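Below: the structure, in structure tokens.
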Amino acid sequence: MKSKYFLLSALLVLCTGSTQLAFAQLDTLQRVVPNKVNSADQLHKPYVILISADGFRWDYAEKYQAKNLLKLAGEGVKAELMYPSFPASTHANHFALVSGLYPGHSGIVGNDFYDPARKANFKPNDGTWFGRDPIWVTAEQQHMLTASFYWIDTQAPIDKVRPTYSYRPNKNKEIFVKDRITAVKKWLTLPEDKRPHFMACYFPNTDHAGHTFGPNSPEVEQAVQFIDDAVGQMVAAAKETGVDVNFIFVSDHGMTLIDREHPLSIPASLDTTKFVSVVQGNYVCLHAKNPADIMPTYQKLKAEKAKGYDVVLKKDLPANYHFGPADDKFNRVGDIMLMAQYPKIFTSKPPVGAHGFSPYEVKDNCATFYAWGPAFKSHLKIAPFENVEVYDVMTQILGIKGQPNDGKGTLAKEILK
């Protein structure tokens with residue numbers, strides 16, 4: 001038990017730390033694209049701060065009484081839950097939120113995946129892997145400045161564009177909550193021509209605690225309270241600037257308990273010389289080097305009737321996964337998929353908590369959506385929706401022309417004034 005609290009304390013120290021050290025390091029880590037200004041058309045557009053709390057399950061705020069989030073969501077918009085895109089993983093869903101695209105359509109189909117055309121695995125620091133533009137690229141191309149504090153996948157330029165303001169990873173890991181608050185406040189107090197209208201901020205705490213200790217642990221409760229306090233501080237800091245800000249608080253996925261006693265492994269009968277395999281916890285992608293090997297291998301694996309997972313051809317995956325041949329625009333989904341049967345996963349050392357499963361099959365994998373600010377309706381509770389709808393909400397508030405996407409525009413109509 002002592003070791004658990006030691007690990008959590010170490011995590012919180014990394015995130016809270018001393019203000020003096022934070023101030024000393026903050027500006028040296030910031031990357032600013034020179035000679036960028038908002039165009040005259042963009043100067044007086046609204047402001048959006050998008051906050052992601054990784055692994056913040058749909059019910060965490062109520063379960064652990066996150067008073068700031070519950071109050072702010074109660075004053076604005078509170079969704080019962082939000083459906084992440086399949087797979088319910090970090091890279092896939094952070095990009096779905098900022099592009100409005102299902103993972104199969106954007107090409108970011110997981111935290112790790114293989115591209116047969118490149119003959120390589122995903123490299124998130126290489127912007128050429130991203131098949132479509134996220135919102136910060138679209139905004140910057142329309143001469144509206146943007147900013148990111150560690151939002152997933154903002155380290156690499158995409159379509160040769162970065163957010164005007166962003167932060168390099170700190171190898172010493174001495175990045176604190178005060179850093180984020182300070183950064184947001186500094187951005188909002190810049191002159192109008194230099195002030196970012198879209199700002200994205202990322203917190204990893206609930207995901208780390210959920211994997212290590214499970215979603216029902218005291219450590220997750222403390223991580224929720226930490227994030228709740230950070231959001232409260234950020235809102236207060238924004239108010240001090242006098243700038244009216246629209247806040248959207250989301251998560252990429254939830255977290256669920258895993259069967260740690262019966263881990264799954266790739267079947268020994270698989271001829272690994274004929275396939276490239278990528279293990280993603282709740283599934284394994286098998287990419288055939290020769291298409292002629294797909295059906296014989298599929299039939300062989302099916303005949304084995306292994307327990308704990310299903311053997312599925314890409315074409316037979318459920319339609320709501322958007323992972324089939326018609327949706328797999330970049331051919332990065334396996335020809336054969338080994339789909340773990342919840343609560344089992346493919347790994348030699350299962351964590352206490354995990355995610356990735358379809359949110360329609362495992363409710364614990366569902367995410368959070370709250371929003372408040374001058375653009376949003378007040379005291380509104382809404383039914384569940386898909387996370388690809390969030391993109392259109394942001395582009396409409398910002399007054400920029402969004403890229404074609406998978407959202408239907410229904411969320412924006414429901415929650416915006």
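Got a sec? Which of Leu398, Leu380, Leu411 is of a type in the set (A, V, I, L, M) and farther than 18 Å from Trp58 by Cβ? Let's see the steps before the verdict.
Working: Leu380 fails: farther than 18 Å from Trp58 by Cβ; Leu411 fails: farther than 18 Å from Trp58 by Cβ.
Just a single option satisfies the conditions, and that option is Leu398.
Can we say Val243 is crowded, with 17+ Cβ neighbours inside 10 Å, touching a helix residue (DSSP H, G or I) at 6+ places or on another chain (Cβ under 7 Å), in the same structural domain as Lys78 (by TED's automatic domain parsing) and at pLDDT 95 or above?
Details: crowded, with 17+ Cβ neighbours inside 10 Å: no; touching a helix residue (DSSP H, G or I) at 6+ places or on another chain (Cβ under 7 Å): yes; in the same structural domain as Lys78 (by TED's automatic domain parsing): yes; at pLDDT 95 or above: yes.
In short, no.
Number of residues in the stretch 266-303 that are surrounded by 12 or more Cβ atoms within 10 Å (Cβ to Cβ) and either in contact (Cβ under 8 Å) with a residue 12 or more places away in the chain or among the polar types (S, T, N, Q) (or both) equals 25.
Results for (1) more than 17 Å from the chain's Cα centre (by Cα); (2) assigned by TED's automatic domain parsing to the domain that holds Ile227; (3) in a helix (DSSP H, G or I); (4) over 21 Å from Arg332 (Cβ atoms), shown as yes or no for each residue.
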| site | (1), (2), (3), (4) |
| --- | --- |
| Asn111 | no, no, no, no |
| Thr128 | yes, no, yes, no |
| Glu140 | yes, no, yes, yes |
| Asn170 | yes, yes, no, yes |
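Look at Ile248 and say whether it is surrounded by 15 or more Cβ atoms within 10 Å (Cβ to Cβ) and not in a strand (DSSP E or B). Answer is no for this residue. Considering the stretch 353-404, and only residues there that are among the polar types (S, T, N, Q) and not in a helix (DSSP H, G or I), the residue that is surrounded by the fewest Cβ atoms within 10 Å (Cβ to Cβ) turns out to be Ser378.
Among the residues making up the stretch 33-80, those that are surrounded by fewer than 21 Cβ atoms within 10 Å (Cβ to Cβ) and of a type in the set (A, V, I, L, M, F, W, C) are Val33, Val37, Ala40, Leu43, Leu70.
Please tell me if Ala88 is outside any helix (DSSP H, G or I) and free of Cβ contacts under 8 Å to residues at least 60 places away in the same chain.
no
Against the conditions (1) free of Cβ contacts under 8 Å to residues at least 40 places away in the same chain; (2) touching a Pro at 6+ places or on another chain (Cβ under 9 Å); (3) outside any loop (DSSP other than H, G, I, E, B), Ala156 satisfies every one except (3).
The values are calculated or read from the model by the stated rules, or taken from the named source; none is laboratory data. All figures in this text were calculated on a predicted structure; none of them were measured in a lab. We place every Cβ from the backbone using ideal geometry, glycine too, and count neighbours over all the protein chains shown.
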